[in-house]
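This report refers to the structure that appears directly beneath it.
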Amino acid sequence: LLEPFMGNQTILLLAMMALVVIVGTALDMTPTILILTPVLMPIVKQAGIDPIYFGVLFIINNSIGLITPPVGTVLNTVCGVAKIKMDDIIKGVWPFMIAQLVVLFLLVGLQLPGVLDDINGQTAGQLLGWGALIAGVVIGVRLIWQFTVVYIIRAIDRREVQRARRADWRMRLIGGWS
């Protein structure tokens, strides 16, 4: 099944992660790990992919399966505890699931072990500079998100109940900074 992808590690990882996502929609985390690990690990070793990095991606992917319909055990638990319909839970979980899948596929595309090997030649000052830049971008994006999303919600949902629940700018600033 994965033989055509053996020449390129990134495409092979993408194919395996897509396979795990598909299997994760039908199986819980433990059976997926028990069934797919013995099948995929020989392929991972043969392709020269770092097994630890693959394991991290595999577990992240399986945790995404916990919130993926139709089986999503976490979704069923939340429905039972909160006494909410499955449709409402699924509508609320979609943005988070999409964000997790984007992060997963970014991790596959970046090939983090290779990036970490390239960092070895950098000085401490350069690494601190890059770290400060990345932290600044993350904080900036979070602050922009915190302040713009409120106005989007206000434009979409004009109910009085929603207005009473909105946080003031100080609370959004603290949330975006943290």
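Laboratory data are not the source of any read-out in this text; all were calculated from the coordinates shown. Worth saying up front: this structure is predicted, and the values here are computed from it rather than measured. Cβ: placed from backbone, ideal geometry, glycine included. Neighbour counts: every protein chain shown.
Each label point was placed 7 Å from the Cα along the Cα-to-Cβ direction; for Ile33 and Trp130 their separation is 3.1 nm. Give me log10 I(q)/I(0) at q = 0.12, 0.16, 0.18, 0.22 Å⁻¹ for segment 1-141, Debye formula, one equal scatterer per alpha-carbon, no solvent. For the requested q values the scattering log ratios are -0.62, -0.93, -1.05, -1.26.
Extending 7 Å from Cα along the Cβ direction at Val74 and again at Lys45 yields two label points whose distance is 3.1 nm. Working from label points 7 Å from Cα in the Cα-to-Cβ sense, the Ile144 to Ile52 distance is 3.5 nm. Computed from backbone phi, the HN-Hα couplings of segment 38-55 come to x, 7, 8, 4, x, 5, 4, 5, 5, 7, x, 7, 4, x, 5, 5, 4, x Hz, rounded to whole numbers (Karplus: 6.51 cos²θ - 1.76 cosθ + 1.60, θ = phi - 60°; Gly and Pro given as x).
Converting phi to 3J(HN,Hα) with the Karplus coefficients 6.51, -1.76 and 1.60 and the offset θ = phi - 60°, segment 130-136 yields 5, x, 5, 5, 5, 4, x Hz in sequence order, with x at every glycine or proline.
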